[in-house]
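First comes the structure, then the notes that go with it.
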Amino acid sequence: MKNNFSINHLTKMKTLPKFNVLVIGNTGVGKSTLISALFQVTISKFGTKRISDKPYTKPGLSINIYDTPGLERDKKQCHQVKKDIAKFIQQENQKEPEDQIHVVWYCINSQVTRESDIDQQWIQLIANELPVIAVITRASGSEKDWLEEYLESDPNIQDVVSVMAKPETNTLGKIESYGLESLLNTTIKSSEKFTQKAILNALNAKASKASPWYRDGCLTVLAIQLSPIPIPIIKATTTLGLQVSMLAGISKTFGYHFDHSILKECCVLATRGGGLNLLFEKLIAEFLKAESINNFSEFGYSIPTLQTVHFQTVQDVLNYIKEILENSMEVLPFKEKLSEFLTSIGNLDIVSGLPILSCLNAIITTISTGILAFAYIETMKKYKQAEYEGQPRPELKFVFAEQIQILMELISQLFGQKDSPSSAT
């Protein structure tokens, strides 16, 4: 089914979906007046005491608005409100793209006279998560003296809109309401940017939720590899089955179900025939200063014959790989996750102090399983992104083969392997 939050649809006003707006600002700045004018509803003059459970909506209006408590001079209240808003944004942005908070309206009263009254640090923190549109409320013309230009110069603010939400009489006379339509149009104009951000948020949230699958999958594979199963083919077949189950679990996290035969092909593609196992074997052999490697592939694995006096522990080797990762300028899509993964494996009591040669295949297979999972998560992100954008979903095995190849080349370059193994296509 084509997703109605597609970027393609955003250029067509007649199919424009709803956007979720979070309104923030100091107490008394005019948030409630703004919302009342937009939705023709009455809001307590005392303001809201907590973030809206449900947004304000109106048929024909392309936005939903969540109101928030105003920031007061009391530091404790101010800190708590900021904390609650940050938590709310984080929670909402774990959802599907159309259900997230898409943009923030930061309301500032036009009568502000000091730069210090504008919380630039908070604006920056919010802008790290969401696009920010500054809304100058009760705009009577005085804002043009300095405020408008000042806000426009702030790189954390995407747009600045002046609004008079309801008619007002002051020393300049009566000023009619204006700016609401401009505010809506400005928000809609920025829709492609925050749509892309919402899609990225959703993809990263799903990738994060997939973490237990690769963590548990790798630990189970390690246990099987270290088990005293005497027949290698049984150990290899069991490992392959565990890897397939791991990919199935990751698929489920992204909302998909694939036939296990397809997932099995992906696993074989990545770890056999000169793939990930051989790559990490070469890396570890280089670390151990091995004089020769004998490739024995009866069961699809390379069993090295190492002639060395350096019997380093598993933890030594994994720390070596981790250190190169952390000190490298190369950017891997999952660099931090891989570093955490290597640390967790290296800290396991059952292997941390063992000589690497006593469990070389177990460690190589476990690392390869981790990379397999990371590559598959990247594949799922691309697959899901196509769905969110209303594009045809790509061929799963093709995207996965591409991801494996890219990652293997990056890892090979990272560790100085000139001749990187090539994955099958």
Can you find, within segment 200-241, the residue that is least open to solvent (accessible area, probe 1.4 Å) among those that are β-branched (Val, Ile, Thr) and over 34 Å from the mean Cα position of the chain (by Cα)?
Ile229
Can you report the number of residues in segment 94-121 which are over 17 Å from Thr68 (Cα atoms) and of a type outside the set (Val, Ile, Thr)?
14
Sort out which residues of segment 181-199 are open to solvent by less than 40 Å² (accessible area, probe 1.4 Å), within 13 Å of Ile133 (Cα to Cα) and either over 23 Å from the mean Cα position of the chain (by Cα) or among the hydrophobic types (A, V, I, L, M, F, W, C) (or both), and write them in order of number.
Leu183, Leu184, Thr186, Thr187, Ile188, Phe194
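Yes/no per residue for (1) touching a strand residue (DSSP E or B) at 6+ places or on another chain (Cβ under 7 Å); (2) of a type in the set (A, V, I, L, M, F, W, C); (3) at pLDDT 85 or above:
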residue: Ser36; (1), (2), (3): no, no, yes
residue: Val41; (1), (2), (3): yes, yes, no
residue: Phe46; (1), (2), (3): no, yes, no
residue: Thr57; (1), (2), (3): yes, no, yes
residue: Gly60; (1), (2), (3): no, no, no
residue: Ile63; (1), (2), (3): yes, yes, yes
residue: Thr68; (1), (2), (3): yes, no, yes
residue: Leu71; (1), (2), (3): yes, yes, yes
Subset of segment 343-382 (residues that are in contact (Cβ under 8 Å) with a residue 12 or more places away in the chain and among the polar types (S, T, N, Q)):
Thr343, Ser344, Asn347, Ser352, Asn361, Thr365, Thr366, Ser368, Thr369, Thr379
Applying the selection to segment 352-393, what residues are assigned to a loop (DSSP other than H, G, I, E, B), open to solvent by less than 30 Å² (accessible area, probe 1.4 Å) and over 20 Å from Glu340 (Cα atoms)?
Cys359, Gly390
If we keep only residues of segment 37-78 that are within 25 Å of Asp99 (Cβ to Cβ) and polar (S, T, N, Q), then the residue least open to solvent (accessible area, probe 1.4 Å) is Thr68
So which pairs qualify, if the first residue must be in segment 383-402 and under 20 Å from Glu265 (Cα atoms) and among the aromatic types (Phe, Trp, Tyr), the second must be in a helix (DSSP H, G or I) and open to solvent by less than 40 Å² (accessible area, probe 1.4 Å), the Cβ gap must be under 6 Å, and the two must be at least 6 apart or on different chains?
Phe400/Cys266; Phe400/Thr379
Filter result (open to solvent by 20 Å² or more (accessible area, probe 1.4 Å) and modelled with pLDDT of 85 or more) within segment 18-29
Asn26, Thr27, Gly28
Restricting attention to segment 325-341, does a residue exist that is open to solvent by 80 Å² or more (accessible area, probe 1.4 Å), within 29 Å of Glu402 (Cβ to Cβ), polar (S, T, N, Q) and at pLDDT below 70?
no
Which pairs do you get when a residue that is closer than 17 Å to Glu96 by Cβ and charged (D, E, K, R), found in segment 15-32, comes within reach of a residue that is modelled with pLDDT under 90 and open to solvent by 10 Å² or more (accessible area, probe 1.4 Å), reach meaning Cβ atoms under 7 angstrom, with the pair 6+ apart or on two chains?
Lys18/Ser62
In the set Thr253, Thr271, Thr239, which member is of a type in the set (Ser, Thr, Tyr), closer than 30 Å to Gln413 by Cα and modelled with pLDDT of 75 or more?
Thr239
Which of the residues spanning segment 156-195 are without any contact (Cβ under 8 Å) to a residue 24 or more places away in the chain, within 15 Å of Ile136 (Cα to Cα) and of a type in the set (Gly, Ala, Ser)?
Ser182
Quick one: which strands (runs of 3 or more DSSP E) lie wholly within segment 90-172 and hold at least 2 residues that are of a type in the set (A, V, I, L, M) and either at pLDDT below 90 or crowded, with 17+ Cβ neighbours inside 10 Å (or both)?
103-109, 132-137, 159-162
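The values are calculated or read from the model by the stated rules, or taken from the named source; none is laboratory data. Bear in mind that the values here come from a model prediction, so they are computed numbers and not experimental data. When we count neighbours, we look across all protein chains shown, and the Cβ atoms used for this are built from the backbone with ideal geometry, even at glycine. Surface areas here come from the heavy atoms of the whole protein model, side chains and all, with no ligands, DNA or RNA. Shrake-Rupley method; radii C 1.70, N 1.55, O 1.52, S 1.80 Å.
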